[in-house]
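The values are calculated or read from the model by the stated rules, or taken from the named source; none is laboratory data. Just so it is clear, the model here is predicted, and its values are computed rather than measured. Reconstructed Cβ throughout: ideal geometry from the backbone, glycine too, with neighbour counts over all protein chains shown.
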């Protein structure tokens, strides 16, 4: 009984304490409840006044914000300005014009102009570097040893600088950049691939690599360069017209740019669509056709106008001119031969990819070579450049494969539709231009073309493995061009050739 009495007293005491706490809580609740519900209008006015005056809660009081007050004062002065209405009207007209004309047009025009300027500046710098090498080589014609040293040292220095500069500033600039752009389109975030630092490394490294005269391409890296330009331009446009340009970049970036990169490199607007579909694969959208064609056409036009402005051309012409007969361009007997040539070039392209992959896997599997290349990153590109430059030395083995010509000069000579044998228009053959490099007193034109194809084939496969910004489109294109010329010369050949 005593235990039950004690338990009852303890329970009563606990209930009393609970009732006291509940009473205190109930007395405090109306104050809090009234502040946030019954007096909501008053509280909202107080908060609005505090924000208008620039006050910020700090502990138990309000602290003035001088920056907000200064902005409010500037706003009052702006409203008193008589030109404020004119500026506001101009701003509204600008927004209306942009919304009606469309942001895509502005973006694509600026992008085409920017890409044309970048491509023209790079081509000018590449041509200057190649002419400097020929100037050094020609100025030492009295001593063949000095000619060899100048011919070999110049590209080694440029390639070494390109590899070292990209490795220090932005290793993401190495290679073509097309696989990385495909990865970004799949939604994977790759750091530092679309930054200004990577843009500088890509442009300077690619210019030095191509200026060395190595069998490297420009089209693949230009996809990455165009993506970098679009990313930087999108950030700039987003700061002016809003964030729609960031979404604009995400949807049709690589489709338009892959079309445009081939246009500014080779000036082929319609052929760029095939390249863009191949590059972007399943990400190609039909709505991007007009965007790509518009940007590519504008960029190609500006690119050729700059050539006229620099007095490189008299008027706007094709980058690689041809002189095909319009009345009788092809013979029916040539069509099966061209079909066989296309099949052979397809197998040759597959063999090129296999050889390039075999070289890369061989270097990766050999642990000794791999460790050495990781420690000495500049040794491998220097050795490859030394080997290729030695083989293309004009007084040496290069005289049998037109080693003194650049890729552009070789394409100009190979695109000439005039025969190199005595049959046809051989009497009108122009020896003053680059064609004299293919002439050798002891070797005819067929042997020269075969040696050119074989040597360029494996040298391009090896050169594209160097850790520099480079592509493989133009080297493969250059390998296929002599094949067509070889076929043409077989059709036109006689027992006695001109060479």
- Query: Is it fair to say residue 179 is at pLDDT 85 or above and outside the structural domain of residue 401 (by TED's automatic domain parsing)?
  - Reply: no
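Residues are listed down the side, and each one gets a yes or a no for (1) surrounded by 17 or more Cβ atoms within 10 Å (Cβ to Cβ); (2) in the same structural domain as residue 232 (by TED's automatic domain parsing); (3) in a helix (DSSP H, G or I); (4) modelled with pLDDT of 90 or more:
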| residue | (1), (2), (3), (4) |
| --- | --- |
| 159 | yes, yes, yes, yes |
| 165 | yes, yes, yes, yes |
| 168 | no, yes, yes, yes |
| 183 | no, yes, yes, no |
| 194 | yes, yes, no, no |
| 201 | yes, yes, yes, yes |
